[in-house]
1. Once the Cα atoms of helix B:188-202 and of chain B are each reduced to a long axis, what angle between those two axes, in degrees from 0 to 90 to the nearest 10, is obtained?
2. In whole angstrom, note down how far apart the Cα centers of region B:239-279 and region B:45-59 are.
3. Looking only at region A:161-197, which residues have a backbone nitrogen under 20 Å from a spot 7 Å from the Cα of residue A:149 in the C-beta direction?
4. So what's the Cα pair-distance distribution over the protein assembly as shown, bin width 20 Å, in %?
5. Multiply the residue separation of residue A:246 and residue A:24 by 0.36 nm, subtract the distance between their alpha-carbon atoms, and state the gained length in nm to one decimal.
6. For labels at residue A:157 and residue A:285 in the simple 7 Å Cα→Cβ model, what's the distance in nm?
7. With a point put 7 Å past each Cα toward its Cβ, work out how far residue A:174 is from residue A:207 in nm, to one decimal.
8. Taking only the Cα atoms of region A:75-153, how large is their convex hull per residue, in Å³?
């Protein structure tokens, strides 16, 4: 599919991409860049690339596909750094969880004739680093493309086909709508998981040993989510600020009502909410999302 | 181990008990009570009991072990109802997620010579009803006993042995401490899951179809938790009100700080929290709690 793919950043997502590209022979050559030499060494030892570069412009030279896979806060700096190396007709894509910010930070710095096709593979685990990746990560997951207005249709289709080869189902939507949808289905849950785990760790009248011991009661599920990559998520929240704050406002409002219902013993209100939330699970099961 | 076990309520937990009792021959006879005839019919069809009773007192007659397995809010009514049928020396236990309330609601109504040994098997699924149970539910889980002061040591040991036979590890603690620990590890996470699913369902600018579609981003885990039995959880929150409200206050406080950090772009604060929460996961893995 491609002559040369340049992977900018080689964490969980990009290292999984390297694996399926190699496995299915989707590129003749893979070049990787990371700002950390140790990460590059690990990735090379794992056989994930043909060449490692510590200069972003050198990494993207001659590449027909460039995939930005660093935390989204690094995109602007990286876009400036790769720009001199990009060849005409190259496609630049990414794997970030926010999409308006990518267009804002990357598009202005790309030379004419280079196509930006932002992508968000909705897949991941709580592990990070090049050793955490695996070729099957994207299978049976959605990959959302948010091509900006005027984006080259052939470039978009090529990125779409790339993700289909990864085993994903491709969806195309507006970047702003993507950020609203994901603020709900992903960013808010992630934030709440971080918050609850933080709250629990601070409790002084129950030992951490007891928390660990009885974590099966529900807390455990939150710890898995809250074990996800700190830098990646820091940048997601900072770069989808408005949508996240909007959802957080709604969440807090609802929580105040729930708190009041508990304080005043409003059994009807509790039962009504808990019955309503149960129903969505059936929808997920029917949509084969569990 | 027992001549006759009476199961008061035959939902997920008590029907799982019926299954392992039968499987391991821990009682000669199982009698079940439910306030719903259809539930009794289902349980009898599943072969879970020798006899079904619609009168609580008749159900416990001659039983040497009585297990209360209805939502905890029903305990006081049930304790009054079974009292006339209880034989001297019988052990009354339960399976509820709150323990101070059980002692408060049940103890005053039991005849002299009957032993109350409250128990909390820390196990469950998001399914409910007699068809949802399975014999292995309690294997490799904790079961916490909270015998009140002056409780008969032999009765406590008998209940402990019963749970060991179920495959659980038994822990003994004070009811009040139990309620604080579980408010943290179980009740707060459950409440937050209900709240977030409720908030998401109310969002009007994103369709439910989209929420279902992209639920893999994190929301999915919350829907599983929020699919748990509504009546059971309503009663847990109302009967562990103080500890739950205390934890909720801490959670809300922390969330306000987190919200402010996002609004003002405090990347250090976000990264610090997210790094701290990641560490607890390692503790859980080391404690074999995942």
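Derivation of every value follows stated rules applied to the coordinates shown; laboratory data play no part. All values reported here derive from a predicted model rather than from experimental measurement. Every residue, glycine as well, gets a Cβ built from its backbone with ideal geometry; the counts of neighbours run over all protein chains shown.
1. 60
2. So the separation of the two Cα centres works out to 47 Å.
3. A:172-180
4. It works out to 20, 45, 26, 9, 0, in whole percents.
5. Working: separation 222, 0.36 × 222 = 79.92 nm, distance 4.18 nm.
Net length gain for the segment: 75.7 nm.
6. Label-label distance for residue A:157 and residue A:285, simple model: 4.1 nm.
7. About 5.6 nm separates the two model spin labels.
8. Hull volume over Cα atoms, normalised by residue count, gives 124 Å³.
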